[in-house]
1. Quickly estimate the mean residue ellipticity at 222 nm for the chain, helices only: each DSSP H run with n ≥ 4 gives -39500 (n - 2.57), and the total goes over all residues, rounded to 500.
2. Sorted by packing (mean other beta-carbon atoms within 10 Å per residue), highest first, where do 141-149, 182-190 land?
3. Output the 0 to 90 degree angle, nearest 10, between the alpha-carbon long axis of helix 374-385 and the longest principal axis computed from the alpha carbons of the chain.
4. Could you give the distance between the Cα centres of the range 53-81 and the range 297-334, to the whole Å?
5. Say the dipole of the chain comes from +1 at the beta carbon of Lys and Arg and -1 at that of Asp and Glu; which of Ala284, Ala222, Phe212 then lies farthest toward its positive end?
6. Give the lysines whose C-alpha is closer than 18 Å to that of Lys14, dropping any in the same chain fewer than 8 places away, or say none.
7. Between the range 159-207 and the range 221-279, what is the C-alpha centre distance in whole Å?
8. What angle, in degrees between 0 and 90 and rounded to the nearest 10, separates the Cα long axis of helix 145-155 from the longest principal axis of the Cα atoms of the chain?
Amino acid sequence: MGDKVRIADFSEIKSGKTTDIYFVRTEEILRTLGVHKRVTVEITASSFPEGWPWAVATGIYDALSVLEGRPVDVEAVEEGTVIRPGDPVMQITGDYVEFGILETAILGYICQQSGVATKSARCRKAAGNKTIISFGARRMHPALAPVIDRNAYIGGCDGVSVVLSAELLGLKPMGTMPHALIIILGDVAQAIKRFDEIIDASVPRVALVDTFCDEKSESLTAAEAIGKRLAAVRLDTPGSRRGNMLKILEEVRWELDLRGYRDVKILVSGGIDEQTILELNPVADGYGVGTAISNARTIDFALDIVEMEGVPITKRGKKSGRKQILRCEQCFNTVVVPWSYSESDLACPCGGKRTELLRPMMESGKIIHAPKTPVQARDYVLRQLDYLSL
């Protein structure tokens, strides 16, 4: 047996042990020389994966948690804020040697979680009001399951399948049945009958209908087995058998409707992303999304000095000085302006008034802004999606 895989605990992250070595060496040099510069750093992403025009910023309070207790001030956007390339999501001000060693951890928290939330939000935007469940636990390190599912939920998923994730979110886990149950019991009829007999009545009866036979024939078998108690069928058809998936769904819908099962929903899983959702929306009622969300591309945020001892300064390719994001909640028009912006910047061309998105979150190492709950952050994301397109 090999050694157990060990993950970093919070004390190791907060102390800087999960940092890149060059930050350790930088701190050693500056402390040895007695150099203490008060700087402001900002966290931005110059572009998003695959040319996405927007992203959802999350992981903000995880980043704040590692800074807690250090003599720094922080402004940041609210958890779940939709941002554009170049928008600063966080600004940290303090003596560089007091927090520079935490750059790796801060970016790690924000980059991955924002990527998951963004992909989930893109799937939600594509699906409209149709159901989306986070199914990606098997594609991630199990220790990360609650983190991934939390951000999938904030981004727009209706529920998650992992027991612990759902428990931490205050939700009931959502799922159907595996192929294993059908194979062991012999066929889909036996599986859905036993499910119906044994599992609590509050759990929707959803049959997996692609194990041994054609999807439409297994759908009818499941419907005939428990009648009107069947809530939905799920198609997880493997790629080697898919062909034209929309046509398969149309056939299943036709056969169910023809026999009086119009209320039975059709769920689809397996290789689902926002593009697949758009293709299957004409027939599908909901989706189980796995790898596309749990293994979402990270948002490549970077942390850069933009001000030192009150003077704007930064590296090439960046804009110096502290900044503020102003957004009109009437039309969603957004601009980035210098921190000391003028009153006229608040006036939006639509006639509405812009408000500040970067808000004080930490003063002298103390968090001063209460975080949104996952439900509140999710609602915030969904409100913003009304203004966006894919």
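Derivation of every value follows stated rules applied to the coordinates shown; laboratory data play no part. In this text, all values refer to a predicted model and were calculated from it rather than measured experimentally. Positions of Cβ are backbone-derived with ideal geometry, glycine not excepted, and every protein chain shown enters the neighbour counts.
1. -11000 deg cm²/dmol
2. In decreasing order of mean packing, 141-149, 182-190 become 141-149, 182-190.
3. The helix 374-385 is inclined about 90 degrees to the chain.
4. Spelled out, the Cα-based centre of one part sits 14 Å from the other.
5. Ala284
6. Candidates past the 8-residue exclusion: Lys366.
7. The range 159-207 and the range 221-279 have Cα centres separated by 17 Å.
8. 90 degrees
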